[in-house]
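Let me begin by presenting the structure, written as structure tokens, before commenting on it.
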Amino acid sequence: MSFDTEQLCEKLADHASELDRSGKWPSRQLEWCAQAGVFRWFVPTEFGGEGWHEQQLLNGYLQLSQSCLSTTFILTQWHAACRRIVGSSNVELKRELLPKLARGELFATVGISHLTTSRQHVGQPVLSATEQADGSFLLNGFSPWVTGAAHAELIVVGATFEDGRQLLAAITTQRTGVVAHPGAELVALSSSCTDKIELQEVRVERSELIAGPILNVMQTNSGGGAGGLQTSTLAVGLAIRAVAFLRAEATQRTELLPVAEKMGSDCQLLLLALRDLTGGGDAMTAGELRQQANSLVLRSTQAALQAAKGAGFMAAHPTGRWAREALFFLVWSCPQAVAQANLCELAQLN
């Protein structure tokens, strides 16, 4: 069975509340994504994908995030792994992995946050690499905040050598020394099963390297494109969904119309900026967009909750879920400057 993106979004939306309440890994939802050909969007045509350009991916993420943020967030982590593999100079690795990724046969995720956060500045790397006499590498330590850690067949991990060089590797999870934790209970998006993985004397062959060993490995091998805008895209998508609810309510309650119109206008302005940045423009910085997207998704989801009145505070009502999901954007891959700007706005310091 196969279906198009619109049908996929309907199915995801119909089961979003159920997924939120259960906190279970969305295996059905990911299978629906495979049936709709979503995984092919991200893989170049020479490896069996459709090779969508960045504006197409933006539109796809906006549609999906309005339907089920949990599934869409998980997809961004799969995409991040895929993007690193696509950008690798390891042709054999690409030939082996990318066709399987395109068909949705291989769930991949990333364990690289420790290379881009404050953990990279600690005295001892949380995940270290040592080179062996035969040219292979041993990884020891852990990677925090790995989405779908216990469900992934493949994890793109980053590790640091004693001399400061780093590597990225694609490792299968069913090997000795890889211990994936089942998933932390979160305020929202618990079904993403985000948790740490531990690596104890995990052997990595050179054939599994994506990039490195090199200094600042994360500044290379991006796979191209505007991957850093994904989180802002999801925030805008959720805000659009909340505003759509406000508009629907406003047809019966005219006092909501000015609120819905103003927030709808704010969504459109951010959407224009997002499209501009995705296309390489400079209407605003990525940080400015993230800060404004964070603000809007918080305000719009809380407005939708208030418009729903008491019904919105019931566990099964979507507006309560959206308000909780909006909190995610305050903490996930949120640059310090953006976090400070959001704090100043909350304190009305501006």
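The values are calculated or read from the model by the stated rules, or taken from the named source; none is laboratory data. Quick caveat, the model's predicted, so the values are computed rather than measured. Virtual Cβ from ideal backbone geometry, glycine too; neighbours counted across all protein chains shown. Protein only, heavy atoms only, side chains kept; ligands, DNA and RNA dropped before computing areas. Shrake-Rupley method; radii C 1.70, N 1.55, O 1.52, S 1.80 Å.
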(message) Quick check: from the Cα gyration tensor, does region 193-315 come out rounded (a/c under 1.5), prolate or oblate?
(response) oblate
(request) Using θ = phi - 60° and the Karplus relation 6.51 cos²θ - 1.76 cosθ + 1.60, list the HN-Hα couplings for region 282-294 in order, rounded to whole Hz, with x at every Gly or Pro. (result) 9, 4, 8, 7, 4, x, 4, 4, 4, 4, 6, 5, 4
(request) Please determine, in degrees from 0 to 90 and to the nearest 10, the orientation of helix 5-22 with respect to the longest principal axis defined by the Cα atoms of the chain, where the helix direction is its Cα long axis. (result) 90
(message) Report for the chain the percent antiparallel among DSSP-assigned beta bridges with both residues inside it, nearest 5.
(response) 85
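May I ask you to compute the full-extension gain from Lys309 to Glu261, defined as 0.36 nm times their residue separation minus their alpha-carbon distance, rounded to one decimal in nm? Provide the component values of the computation, followed by the final result.
Details: separation 48, 0.36 × 48 = 17.28 nm, distance 1.94 nm.
Gain on extension, Lys309 to Glu261, equals 15.3 nm.
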(request) Just the number, please: carbon plus sulfur as a percent of the accessible area of region 106-214, 1.4 Å probe, no ligands or DNA/RNA counted. (result) 51
(request) Report the one residue of Leu269, Thr109, Ala283 whose Cα lies farthest in the direction of the positive end of the charge dipole of the chain (charges on C-beta: Lys and Arg +1, Asp and Glu -1; origin at the Cα centre). (result) Leu269
(request) Go through (i) 22.1; (ii) 24.9; (iii) 21.0 and flag the label whose value is the computed Kirkwood radius over Cα pairs in Å for this structure. (result) (iii)
(request) Measure nothing but the geometry: give the 0 to 90° angle between the long axis through the Cα atoms of 230-250 and the longest principal axis through the Cα atoms of the chain, rounded to 10°. (result) 20
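Just to confirm, what accessible area per residue do you get for region 1-54 at 1.4 Å probe, in whole Å²? Show your work: numbers first, answer last.
Working: 2810 Å² over 54 residues.
Accessible surface, normalised per residue, equals 52 Å².
How would you classify region 305-350 from its alpha-carbon gyration tensor, with a ≥ b ≥ c the square roots of the eigenvalues: rounded for a/c under 1.5, else prolate if a/b is greater than b/c, otherwise oblate? Present the calculation step by step, with values, prior to reporting the outcome.
Details: a/c = 5.57, a/b = 1.97, b/c = 2.83.
Taking the square roots of the gyration eigenvalues as a ≥ b ≥ c, region 305-350 is oblate.
Calculate for the chain the 222 nm mean residue ellipticity that helices alone would give, adding -39,500 (n - 2.57) per DSSP H run of length 4 or more and normalising by residue count, nearest 500 deg cm²/dmol. Provide the component values of the computation, followed by the final result.
Working: 10 runs with 160 residues, N = 350.
My calculation for the chain gives -15000 deg cm²/dmol from helical runs alone.
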(request) State the answer as a single residue: which of Ala169, Pro99, Ser190 lies farthest towards the positive end of the charge dipole of region 94-193, with beta carbon charges of +1 for Lys and Arg and -1 for Asp and Glu, about the Cα centre. (result) Pro99
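If you place +1 on the Cβ of every Lys and Arg, -1 on the Cβ of every Asp and Glu, and leave all else neutral, what size is the dipole of the chain about its Cα centre, to the nearest 20 Debye? Don't skip to the end; give the middle numbers.
Numbers: 27 positive and 33 negative charges, 97 e Å.
With Lys and Arg at +1 and Asp and Glu at -1, about 460 debye.
First check a/c for region 71-150, with a ≥ b ≥ c the square roots of the eigenvalues of its C-alpha gyration tensor; if it is under 1.5, answer rounded, and if not, answer prolate when a/b is larger than b/c or oblate otherwise. Could the numbers behind the result be given before it?
Values: a/c = 2.31, a/b = 1.27, b/c = 1.82.
Verdict is oblate for region 71-150.
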(request) Provide the per-residue ³J(HN,Hα) series for region 207-213, in order, calculated from phi with Karplus coefficients 6.51, -1.76, 1.60 and θ = phi - 60°, each as a whole number of Hz, with x at glycine and proline positions. (result) 5, 9, 6, 8, 7, x, x
(message) Sequence gap at least 6, Cα distance under 8 Å: using those rules, report the relative contact order of the chain to the nearest whole percent.
(response) 16
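With +1 on each Lys and Arg Cβ and -1 on each Asp and Glu Cβ, how big is the dipole of region 1-64 about its Cα centre, in debye rounded to the nearest 20? Working shown, then result.
On the way: 5 positive and 10 negative charges, 50 e Å.
That gives a dipole near 240 debye.
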(request) For the chain, find the longest principal axis of its Cα atoms and tell me its angle to the long axis of helix 54-65, 0 to 90°, nearest 10. (result) 60
(request) May I ask which residue of Leu229, Thr251, Trp332 lies farthest towards the positive end of the charge dipole of the chain, with charges of +1 (Lys, Arg) and -1 (Asp, Glu) on Cβ and the Cα centre as origin? (result) Thr251
(request) Mind giving me the FRET efficiency for Glu50 and Val91? R0 is 22 Å, r the Cβ-Cβ distance, nearest 0.05 is fine. (result) 0.60
